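> One structure, pasted below without further comment.
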Amino acid sequence: MRPGWRKVIETLWEKDTTRLRYTYNWYIDEEGNPKIVYYAEKIHKRMGFKWVNPVHEILEYEKEEKQTFTDELIIDHYPDRTKSRSSYLPLLELAVKENPQNDRNVHYLGREYMYYEKYNEAIDTLIYHLKLKTATWKDERCASMRFIARCYKNMNRYEEAKMWLLKAIEECPYLRDPLVEMALLYYSEEDWEKVITYAKKALTITHNEKTYINELFSWDETLNDLLSIAYYQLKDYNNAIKNAQLALDINPQNDRIKTNLNIILDTKKNCSQ
């Protein structure tokens, strides 16, 4: 917890406040820059709350809540990267067995199956999540659709992957993530025009929603990197150079992009001679 947290709570907390939602830097890079940021909700009044779920535990309140949001209180997350997450899958299976209608846990279980490369189980579980009446949060629904597409991509079933990414884009046109995944999919097929189309469309979205679903690749150098490669393949060297430089501006430590930029510069030079 960053210094000054207590003063923020005491200033914002009112008699009928039940919970304070604060800025949570879930992923911080090696330079100390927050990359995945969302509002967390673990600061709560003493009475009336209980912990639920065997894993990915959440706080449940017995009555109607009055929540307050703040960007002034910040908590930084420094996880133990060596810690095994092998217990997550059986605990999520237990959670869904205990309550098959809990849409959040069903989504997490489908995602966990994807992580374990159990693609058919992941697809079935994520489709089940989308059918639940309580699965109404569009960002999470979009993520389920993206994960289904990712499973199909990993199974080399690209047309089905595209179908689900189109559904994800339609579900959340305000999010970059499905557009970036579509650009990556077309990159795999070496369809450079489509890579440019979807990458440029993703870059028009400049607001990063503060949710746990944020993908690192949507806001790092990935989009400009994809554009630089696609433009290079189409022999548009000026735009290739421009985007490679933009990618390096975001991540100056990326040696592969440095090498790419030098190749593009050399190619342009040789073509002009």
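The values are calculated or read from the model by the stated rules, or taken from the named source; none is laboratory data. The model shown is predicted, which means the values in this text are computed figures rather than measured ones. Cβ: placed from backbone, ideal geometry, glycine included. Neighbour counts: every protein chain shown. Accessible surface areas use protein heavy atoms only, side chains included; no ligands, DNA or RNA. Shrake-Rupley method; radii C 1.70, N 1.55, O 1.52, S 1.80 Å.
> Could you look through the range 194-209, keep only residues that are out of contact with any helix residue (DSSP H, G or I) (no Cβ under 7 Å at 6 or more places or on another chain) and outside any helix (DSSP H, G or I), and pick out the one that is surrounded by the fewest Cβ atoms within 10 Å (Cβ to Cβ)?
This residue is 206.
> Condition test on residue 91, is it at negative phi and either open to solvent by less than 50 Å² (accessible area, probe 1.4 Å) or within 18 Å of the chain's Cα centre (by Cα) (or both)?
no
> Any idea how many residues of the range 23-45 are surrounded by fewer than 18 Cβ atoms within 10 Å (Cβ to Cβ), among the hydrophobic types (A, V, I, L, M, F, W, C) and out of contact with any Lys or Arg (no Cβ under 8 Å at 6 or more places or on another chain)?
Residues that pass the stated criteria total 1.
> Residues in the range 81-130 that are of a type in the set (Lys, Arg) and in a helix (DSSP H, G or I): how many?
Going through the range 81-130 one residue at a time, the tally reaches 3.
> So how many residues does the range 232-263 have that are within 23 Å of the chain's Cα centre (by Cα) and of a type outside the set (Gly, Ala, Ser)?
10
> Need the failing condition index for residue 214 against (1) touching a residue at least 12 places away in the same chain (Cβ under 8 Å); (2) polar (S, T, N, Q); (3) part of a helix (DSSP H, G or I), just the number.
Condition (3) is where residue 214 drops out.
Every residue, every condition in (1) charged (D, E, K, R); (2) under 20 Å from the mean Cα position of the chain (by Cα), yes or no:
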site	(1), (2)
47	no, no
61	no, no
72	yes, no
78	no, yes
81	yes, yes
101	no, no
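> How many of the residues in the range 46-76 are closer than 22 Å to residue 209 by Cβ, open to solvent by less than 50 Å² (accessible area, probe 1.4 Å) and not in a strand (DSSP E or B)?
So the count comes out to 1.
> Given the structure, is residue 108 open to solvent by less than 80 Å² (accessible area, probe 1.4 Å) and under 18 Å from the mean Cα position of the chain (by Cα)?
yes
> Limited to the range 148-162, what total is found for residues that are open to solvent by 10 Å² or more (accessible area, probe 1.4 Å) and in contact with a helix residue (DSSP H, G or I) (Cβ under 8 Å, 6 or more places away or on another chain)?
Residues flagged as open to solvent by 10 Å² or more (accessible area, probe 1.4 Å) and in contact with a helix residue (DSSP H, G or I) (Cβ under 8 Å, 6 or more places away or on another chain) within the range 148-162 amount to 8.
> If you don't mind, there's one more thing I want to ask. Out of the residues in the range 164-193 that are under 19 Å from residue 221 (Cβ atoms) and of a type in the set (Gly, Ala, Ser), which is most open to solvent (accessible area, probe 1.4 Å)?
The selected residue is 188.
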